[in-house]
1. Could you tell me how many of the residues in segment 182-202 are open to solvent by 20 Å² or more (accessible area, probe 1.4 Å) and either closer than 20 Å to Arg132 by Cβ or not acidic (Asp, Glu) (or both)?
2. Does any residue of segment 61-68 turn out to be closer than 21 Å to Cys196 by Cβ, polar (S, T, N, Q), outside any strand (DSSP E or B) and under 17 Å from the mean Cα position of the chain (by Cα)?
3. With Arg22, Arg39, Arg52 as the choices, which residue is over 30 Å from Ser124 (Cβ atoms) and either more than 18 Å from the chain's Cα centre (by Cα) or hydrophobic (A, V, I, L, M, F, W, C) (or both)?
4. Tally up the residues in segment 151-171 that are among the polar types (S, T, N, Q) and either touching a Cys at 6+ places or on another chain (Cβ under 7 Å) or open to solvent by less than 10 Å² (accessible area, probe 1.4 Å) (or both), please.
5. Give me a count of the residues in segment 48-78 that are touching a Phe, Trp or Tyr at 6+ places or on another chain (Cβ under 6 Å), hydrophobic (A, V, I, L, M, F, W, C) and either buried (at least 20 other Cβ atoms within 10 Å of the Cβ) or without any contact (Cβ under 8 Å) to a residue 24 or more places away in the chain (or both).
6. Quick one: in segment 79-117, of everything that is in a helix (DSSP H, G or I) and without any contact (Cβ under 8 Å) to a residue 12 or more places away in the chain, which residue is surrounded by the fewest Cβ atoms within 10 Å (Cβ to Cβ)?
7. Filtering segment 19-47 down to residues that are of a type in the set (Ser, Thr, Tyr) and without any contact (Cβ under 8 Å) to a residue 60 or more places away in the chain, which residue is least open to solvent (accessible area, probe 1.4 Å)?
8. How many of the residues making up segment 93-127 are among the small types (Gly, Ala, Ser) and more than 22 Å from the chain's Cα centre (by Cα)?
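The values are calculated or read from the model by the stated rules, or taken from the named source; none is laboratory data. The shown structure was predicted, so the numbers you read here are calculated from the model rather than taken from an experiment. Here the Cβ is made from the backbone with ideal geometry for all residues, glycine too, and neighbour counts use every protein chain on show. For the accessible areas, the whole protein counts, side chains as well, though only heavy atoms, and no ligand, DNA or RNA atoms are used. Shrake-Rupley method; radii C 1.70, N 1.55, O 1.52, S 1.80 Å.
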Amino acid sequence: MNHTVFQIPMLLIRHGETMANRERRYCGTWDVPLSPQGREQILHCASCDCVRRAAKAFASGLPTVYVSPLIRAKETAQLLFPHGVLVETAGFAEMNFGVFERRSAEEMRYDHRYLEWVDSGCMSQCPGGESRDMFQERVCRTFLDLPFFSLDVSPPSYLIIVGHGGTVMALCSRFIRDISYFDVRLPNGGMIEAVCRYHAGEVSFTDLQMFGE
């Protein structure tokens, strides 16, 4: 019998800083590692109460961490949960910015394609990439496809997802009442602790706390 009602404590984590972040370059599918500063940042975050709570919830076994396949997210997960079981989840990867990848806004200030995208509120499809709606649908469908929502699998004692700023924005703006996409802007290494509630096919996030500078 499927579990039709449950609630799970949850931690949503944005990866640490990369050089692309520091240089303010669009970095979606561009697979860059954490910078030395980013590694230090995440090691500092490992002592946060929310991370300790998440790790402690798996006292009877190793924590399962759903993680974007991009290296900056995997490095972050490994640093925060060195004994965790990482489950690479392609749908939690950052938005594909297409031809804007690796470039900064300053470098594209005369690129009509970029200016048109910005004028759309960053809603239209990036040339060669995704639109915000396409990206959000991909992330949220991936979330709802986690096995405990549809199969006879017990929910985890704590749900941990390590991804990107966009990953967290997409999930929170879909599953939190009265929150829009750009209302949730985590810094590198930022985290949101919440409760994921599931009832009769409906998902909601409640009891949010945000961590990070």
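1. 11
2. yes
3. Step by step, each of Arg22, Arg39, Arg52 is checked, and only Arg52 is over 30 Å from Ser124 (Cβ atoms) and either more than 18 Å from the chain's Cα centre (by Cα) or hydrophobic (A, V, I, L, M, F, W, C) (or both).
4. Residues in segment 151-171 being among the polar types (S, T, N, Q) and either touching a Cys at 6+ places or on another chain (Cβ under 7 Å) or open to solvent by less than 10 Å² (accessible area, probe 1.4 Å) (or both): 1 in total.
5. Qualifying residue count, segment 48-78: 2.
6. Filtering first and then ranking leaves His112.
7. Ser35
8. 2
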